[in-house]
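Novice: This structure is in structure tokens; I'll ask about it shortly.
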Amino acid sequence: MSSDIGKIGILLTIFILTLISIKASDFSVVQGINPGSICPGTTSLFTDAITNTGTSEMQFTITNTGSSSGFTTTVPPGFILGPGKSRTIYTYVTPRTTTKIGKYTLDLNIASGSDTETISHAVDINDCSSFEIKAVNALKEVCPTEVEKFDFELKNTGEFTETFDFNVEGQAAPWATLSEKSVTLSRKESKTIFVYITTSSDSLGSYDFSLMAEARSSKKVQSAKSSIKVNPCFDYSLSTKKDFLSLCEKSLEILPIDITNKGSIDNTYNLELSGPEWASLENNKIVVGKGETKSANIIVNPDYGIQGDFNLEFKATTDKGKVESSNKFSVNVKKCHSVDLKLEKNRDRICNSLSSSYNVLVKNTGDFKKEFKFELDGPVWSSFEKSKIELESGEERQLSLTINPGFDVAPSDYDIKIKASALDTSKVSSEDTLTITTISREDCYKPNIGINNKEISVYYDSAATVPIVIENKGNQEATYDISVSGTATNFVHLNPAIITVKPNMAEVLYLYIAPTTETTDGEYSATIAVRLKDSTILASDNLIIKVSKSKVPTEIIQPEQPQTKKSLWQRIKEFFSGKPVDVEQSPVTEVPTENITELPSENVTELPNITETIVEENKTETPTFPETTGQVPTEVTGPVPESRNIDFDKGNKQIVNQEKNQDVGFKLNNEDHSAKVTDISADGITIVIRSEPQYSNLKIGESKDFDTNNDGVNDLRVTLVGIENGKAKLVYENLLAEPSTAENPVQEVTNETSNLSETSGASTIPETQATSPSFFSLYKSYIIGGIIILILLILIIKYRKPIKEFFEEEVEEEMPQKKEPPKEIKKEPVKETKEIKKEEPKKEAKEEKKPASKKKKEVSEEEYY
């Protein structure tokens, strides 16, 4: 017993080790429900699901095998799934109408790396469309011209509702009429179809025909056959010597028709004629004896002006038996009296005070010589060359129509009609019309100005071009004078100033924009005006130009001479102490201009000189960045490898000069992602963000937010700053980072400087600024401000009147002061900055650090963009 237990334990151990040694697949599949049997020519759908149960991204490939793979399609054939993601695959099964009935197999092979799973489906194709048709009457006998009805029974033996189409084939098919051409029957439903056979008067003998039924969905066809026998009862025939007649207008011809009675009795024939009214029968009824032949006459007499081919149909019907027979004739009536008048144009445009002539072609298209007169119906400023003309048969003459609208003619459409009429009894005529559109002189040369981008931003040390399209909307070639006016005329140029443009054509000029270093920031307007020489402006359009600071080193603008003035704080101290307070003027140290270096164009974050002016007295603008994160974008520089990585731990924003098809890797939420620029154009790019591919088009200056992990929260922002040398300058921003506090300007400057130093390789902030501030230094401004407000409230209550007089005096002193224009551009060295800090009182130095940091943020946003 114990030995058996030991053997069982050994076997269990081996089984468990075997299970452990088998590597489980990193994905799972869920097979969908089989939709059941399928009919040929229809489509059925199988749905299955795949889930990535692994911890990494997997790429899947789907292939179809099995006996049904020839008419199955699975989508998508391949895809990528992230960890824990699922994807539904759809397999469409569409057997052809020619596919044999039976059972088929479908295997879906799902492969990811070395792992493979197979989903098997059974495809059952059934014959879903079948029907039966049979003739109720196999044979019937009739007399000529009689109508006989044949019955056919149709039954739908299929599984679905089906629509059937009918047609008749065989010898008697020309005489057949169907009761209905199509019918729809439900499953197992049946219906009787009627075929009516009307025999002709000369159709003697036996004739077969079949009723064909075709199912629309399956295209199956079945037929049923019947026969009809026509016995001779009232036979006769119609004959004529000619079936075609040609004659001139206003002439008379007679067409005889012979009627032969082949029946066994005498019969009366009723005659009818179908055709134009100028053709008629001599008699409407004729009696013909057995075996006898008689003639019926058709009279043809077309009037003037009738021309062309006409059809006549003669019909005879017997009184006994109602046998009908017919014969057709073709009649050609020639226009032997005719004239043709044609204008070379039917519509034209002409400027007032200009003259134009148009050719008028007149031809005698008749068979006889004729004299024609002309009539002109139009405005007084139109005239025709002739009033009468004589033409031989076939002769033609070219005449002239002159149009000369006056300067004061109202612009509009005018119809001018010319008519030629024969002076003989035929009175044949022909006419044509010309529509003239008169245009004022201004509209004849009307220009149109096209400016695609009417707002453009440029840096004051850069240049830009804007295409200007000048289009001639008139119908005359024009020479235009082009001028530019507005507040931007000092730095814009447009050449050439005179252009010649053909009608409905355009010329492209280029407005060159180049603000100088003396151009101040702001909006400027440029008005493009187009005129004819020595005339008023015919068209104009405006362009807004926004000039902003370019990416150059920060410069200190030194006033010509600072004024000595007592501050508000000094006046408060003087008011309460009763003693005058001396005003110390801050020393100004000139900086050699040779130390100013130009920024590299390839790296917008290399700003080593910005922080040198932050600790100065508020003498110059310092940059600030567009977001409140307190981080400076760190640019990845150097040679461009096949792929590159950026680290958001070094900064919430990163600038990358990215080439086309170059991968940039980064990490968000401890997940690896990448970005690739798939296309670069002159003004934008196409970018794809992966793991889950997300495509987007960006224009210059445009931003786009992405949700990289599909959790419903955007965590990445990409901004296209510009395109330089075929590379896209992109800013990648981590939207999940905690924003920096704005209460500690010194720490914020230090942080920004450290990020700058990582890029430029040099630090410009003294080490004393890198230490963490104490609680008092961090909140000193709030504490001092609260004490001052409390003191001021107490003093205001006690000294209301003296304080009111004090502030009125202060306002009067400040009103006439004006801001002096800047004269010198200088840069302060770091050493002098330190000396200034030592000379100023500690309290005032600390109070000025915070606004300096704020100002740094404002300038940095402009510099950065």
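The values are calculated or read from the model by the stated rules, or taken from the named source; none is laboratory data. The structure presented is a predicted model; accordingly, all values stated were derived computationally and were not measured. Note that each Cβ is placed from the backbone with ideal geometry, even for glycine, and that neighbours are counted across all protein chains shown. Side chains included, ligands, DNA and RNA excluded: accessible areas come from the protein's heavy atoms. Shrake-Rupley method; radii C 1.70, N 1.55, O 1.52, S 1.80 Å.
Novice: Considering only residues of the stretch 32-75 that are loosely packed, with under 15 Cβ neighbours inside 10 Å and among the hydrophobic types (A, V, I, L, M, F, W, C), which is farthest from SER129 (Cα to Cα)?
Specialist: ALA49
Novice: Let me ask something else about it. Does LEU434 meet the test of being open to solvent by less than 60 Å² (accessible area, probe 1.4 Å) and either in a strand (DSSP E or B) or in contact with a helix residue (DSSP H, G or I) (Cβ under 9 Å, 6 or more places away or on another chain) (or both)?
Specialist: Yes: the conditions hold for LEU434.
Residue-wise test of (1) in contact with a strand residue (DSSP E or B) (Cβ under 8 Å, 6 or more places away or on another chain); (2) exposed (fewer than 15 other Cβ atoms within 10 Å of the Cβ); (3) aliphatic (A, V, I, L, M).
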| residue | (1), (2), (3) |
| --- | --- |
| ASN346 | yes, yes, no |
| PHE368 | no, yes, no |
| PHE372 | yes, no, no |
| GLY378 | yes, no, no |
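Novice: Could you check the stretch 440-454 and list, in sequence order, the residues that are more than 31 Å from the chain's Cα centre (by Cα) and not in a loop (DSSP other than H, G, I, E, B)?
Specialist: ARG441, GLU442, ASP443, CYS444
Novice: May I ask you to list the residues in the stretch 230-248 that are of a type in the set (A, V, I, L, M) and within 28 Å of ILE197 (Cβ to Cβ)?
Specialist: Hits for the stretch 230-248 are VAL230, LEU238.
Novice: Somewhere in the stretch 691-699, is a residue open to solvent by less than 40 Å² (accessible area, probe 1.4 Å) and more than 21 Å from the chain's Cα centre (by Cα)?
Specialist: no
Novice: Further question on the same structure: Just to be sure I understand the filter: pairs with C-beta atoms under 6 Å, separated by 6 or more residues or on different chains, first member in the stretch 161-183 and within 15 Å of LYS229 (Cα to Cα), second member β-branched (Val, Ile, Thr) and open to solvent by 50 Å² or more (accessible area, probe 1.4 Å). Which pairs pass?
Specialist: Close Cβ pairs satisfying both conditions: TRP175/THR198.
Novice: Can you tell me which residue within the stretch 308-329, out of those that are surrounded by fewer than 17 Cβ atoms within 10 Å (Cβ to Cβ) and under 25 Å from VAL428 (Cα atoms), is farthest from the chain's Cα centre (by Cα)?
Specialist: Filtering the stretch 308-329 for residues that are surrounded by fewer than 17 Cβ atoms within 10 Å (Cβ to Cβ) and under 25 Å from VAL428 (Cα atoms), the one farthest from the chain's Cα centre (by Cα) comes out as ASN311.
Novice: If a residue counts only when it is touching a Leu at 6+ places or on another chain (Cβ under 8 Å), which strands (runs of 3 or more DSSP E) contained entirely in the stretch 301-369 have at least 3 such residues?
Specialist: 308-318, 324-334, 339-343, 356-364
Novice: Would you please name the residue that is farthest from ILE436 (Cα to Cα), looking only at residues in the stretch 384-394 that are at pLDDT 90 or above and surrounded by 14 or more Cβ atoms within 10 Å (Cβ to Cβ)?
Specialist: Step by step, filter the stretch 384-394, then rank; the result is LEU391.
Novice: If you check GLU153 against the conditions, is it buried (at least 17 other Cβ atoms within 10 Å of the Cβ), touching a Lys or Arg at 6+ places or on another chain (Cβ under 9 Å) and not basic (Lys, Arg)?
Specialist: So GLU153 fails the test.
Novice: Let me ask something additional. Taking the stretch 256-274 on its own, how many of its residues are within 30 Å of ASP367 (Cβ to Cβ), open to solvent by less than 50 Å² (accessible area, probe 1.4 Å) and touching an Asp or Glu at 6+ places or on another chain (Cβ under 8 Å)?
Specialist: Residues in the stretch 256-274 being within 30 Å of ASP367 (Cβ to Cβ), open to solvent by less than 50 Å² (accessible area, probe 1.4 Å) and touching an Asp or Glu at 6+ places or on another chain (Cβ under 8 Å): 1 in total.
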